[in-house]
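Here the structure is laid out as structure tokens; the discussion comes afterwards.
The values are calculated or read from the model by the stated rules, or taken from the named source; none is laboratory data. Small disclaimer: the values here were computed from a predicted structure and weren't measured. With ideal geometry, Cβ positions are generated from the backbone for all residues, glycine too; neighbour counts draw on all protein chains shown.
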Amino acid sequence: MDALTEPRSGTTTAALPAPVVLAWDLPTRLAKWALAVLVGLAFASKYYGDVGLVWHMWNGLAILILVVFRLLWGLVGGSTARFARFLASPGGALFYAVSVLRGRSPRYLGHNPLGGWMVLALLAIVAAQGVTGLFTTDDIIVDGPLVRVAGEGWIERASALHQDIYWWLLALIALHVLANLAYSLFGKDNLVLAMLTGRKPRAHYVDQAAATPGSIVLALACLAVAAVGVFGGIALAGGDPFP
């Protein structure tokens with residue numbers, strides 16, 4: 001063996017970095033973190049400095065666009081982003097929960113059965129918060145984009161729901177964060193790091209060996225459709241899409 005191919009003294013295979021595989025593609029990760037930031041900004045703008053709640057309403061519209069994008073991306077996006085690939089039956093989710101308690105949970109490249117339902121629950125409650133915000137008013141200076149086209153009874157219910165959902169959303173976010181931190185610290189994968197880098201160590205995963213990324217062009221098309229759908233839907237309903 002010549003000097004170019006002979007390993008250096010003291011070098012072992014274990015010292016080499018572990019091979020990694022794609023777990024979540026860029027559009028999926030950007031959508032997740034952008035949604036987290038926007039939800040945080042919506043909370044902050046509600047209580048700090050945004051007297052007319054203009055930024056709060058823009059945050060709400062951006063959140064709705066991201067939710068619609070994620071729903072579309074869940075149909076045509078990368079393999080681990082697709083609902084059909086990670087939404088298990090209720091029985092499957094229960095079986096996974098039991099396996100976690102027994103310490104025998106299988107390893108998933110994408111969302112595990114419980115995580116998949118958590119994603120859907122978060123999207124649903126964030127969407128509900130955004131939609132009710134369209135009909136919310138404080139009867140003084142702030143009206144949602146669709147207040148003027150809704151009946152008084154619905155406005156009152158939507159305004160009350162917008163306040164009540166807030167606490168359910170906080171509870172669900174806290175549960176999601178705690179579950180991810182616990183799994184990252186004590187489980188088999190660092191989920192937080194994987195959602196930042198998009199990669200996990202190569203291993204035996206029961207769902208797929210490596211993710212297939214979605215098309216960036218298709219992601220931009222989904223984002224455009226989502227934006228047109230949100231703003232266009234408000235305008236078609238007779239509301240003002242631009243607060």
ask   = Could you list, in sequence order, the residues of the stretch 164-215 that are farther than 20 Å from Val126 by Cβ, in contact (Cβ under 8 Å) with a residue 60 or more places away in the chain and among the aliphatic types (A, V, I, L, M)?
value = Ala194, Leu196, Ala203, Val206, Ala209, Ala210, Ala211
inquiry  = Within the stretch 206-217, does at least one residue satisfy the condition of being exposed (fewer than 14 other Cβ atoms within 10 Å of the Cβ) and over 22 Å from Leu109 (Cβ atoms)?
reply    = yes
Near pairs, Cβ below 8 angstrom, 6+ apart or cross-chain, from the stretch 39-57 (part of a helix (DSSP H, G or I)) to any residue that is small (Gly, Ala, Ser) and at pLDDT 80 or above = Ala42/Gly60; Trp55/Ser45; His56/Ala42; His56/Ser45; Met57/Gly133; Met57/Gly144
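Working only within the stretch 82-112, note down all residues that are outside any loop (DSSP other than H, G, I, E, B) and among the aliphatic types (A, V, I, L, M).
Filtering the stretch 82-112 for residues outside any loop (DSSP other than H, G, I, E, B) gives 83-86, 90-101.
Ala84, Ala93, Leu94, Ala97, Val98, Val100, Leu101, listed by residue number.
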ask   = Given (1) surrounded by fewer than 18 Cβ atoms within 10 Å (Cβ to Cβ); (2) more than 19 Å from Val225 (Cβ to Cβ), where does Ser45 come up short, assuming only one miss?
value = (1)
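Quick check, is Thr132 crowded, with 20+ Cβ neighbours inside 10 Å, within 28 Å of the chain's Cα centre (by Cα) and β-branched (Val, Ile, Thr)? First the steps, then the outcome.
Numbers: crowded, with 20+ Cβ neighbours inside 10 Å: yes; within 28 Å of the chain's Cα centre (by Cα): yes; β-branched (Val, Ile, Thr): yes.
Criteria met by Thr132.
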task = Answer yes or no: is there a residue in the stretch 113-120 that is outside any helix (DSSP H, G or I), surrounded by fewer than 21 Cβ atoms within 10 Å (Cβ to Cβ) and either within 20 Å of the chain's Cα centre (by Cα) or modelled with pLDDT of 95 or more (or both).
result = no
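Checking the condition crowded, with 18+ Cβ neighbours inside 10 Å, charged (D, E, K, R) and under 21 Å from Leu64 (Cα atoms), which residue from Asp164, Asp143, Asp189 passes? Step through it out loud before you land on a result.
Numbers: Asp164 fails: crowded, with 18+ Cβ neighbours inside 10 Å; Asp189 fails: under 21 Å from Leu64 (Cα atoms).
Of the residues listed, the single one that is crowded, with 18+ Cβ neighbours inside 10 Å, charged (D, E, K, R) and under 21 Å from Leu64 (Cα atoms) is Asp143.
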remark   = Considering residues that are more than 20 Å from the chain's Cα centre (by Cα), within 19 Å of Ala93 (Cβ to Cβ) and at pLDDT 90 or above, the number found within the stretch 168-206 is 2
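Residues to consider are Ala62, Ala81; find the one that is in contact with a Pro (Cβ under 8 Å, 6 or more places away or on another chain), buried (at least 18 other Cβ atoms within 10 Å of the Cβ), modelled with pLDDT of 95 or more and not hydroxyl-bearing (Ser, Thr, Tyr).
Ala81
Check Ala93, Ala97 and return the single one that is crowded, with 16+ Cβ neighbours inside 10 Å and aliphatic (A, V, I, L, M).
Working: Ala97 fails: crowded, with 16+ Cβ neighbours inside 10 Å.
Being crowded, with 16+ Cβ neighbours inside 10 Å and aliphatic (A, V, I, L, M) holds for just one of Ala93, Ala97, which is Ala93.
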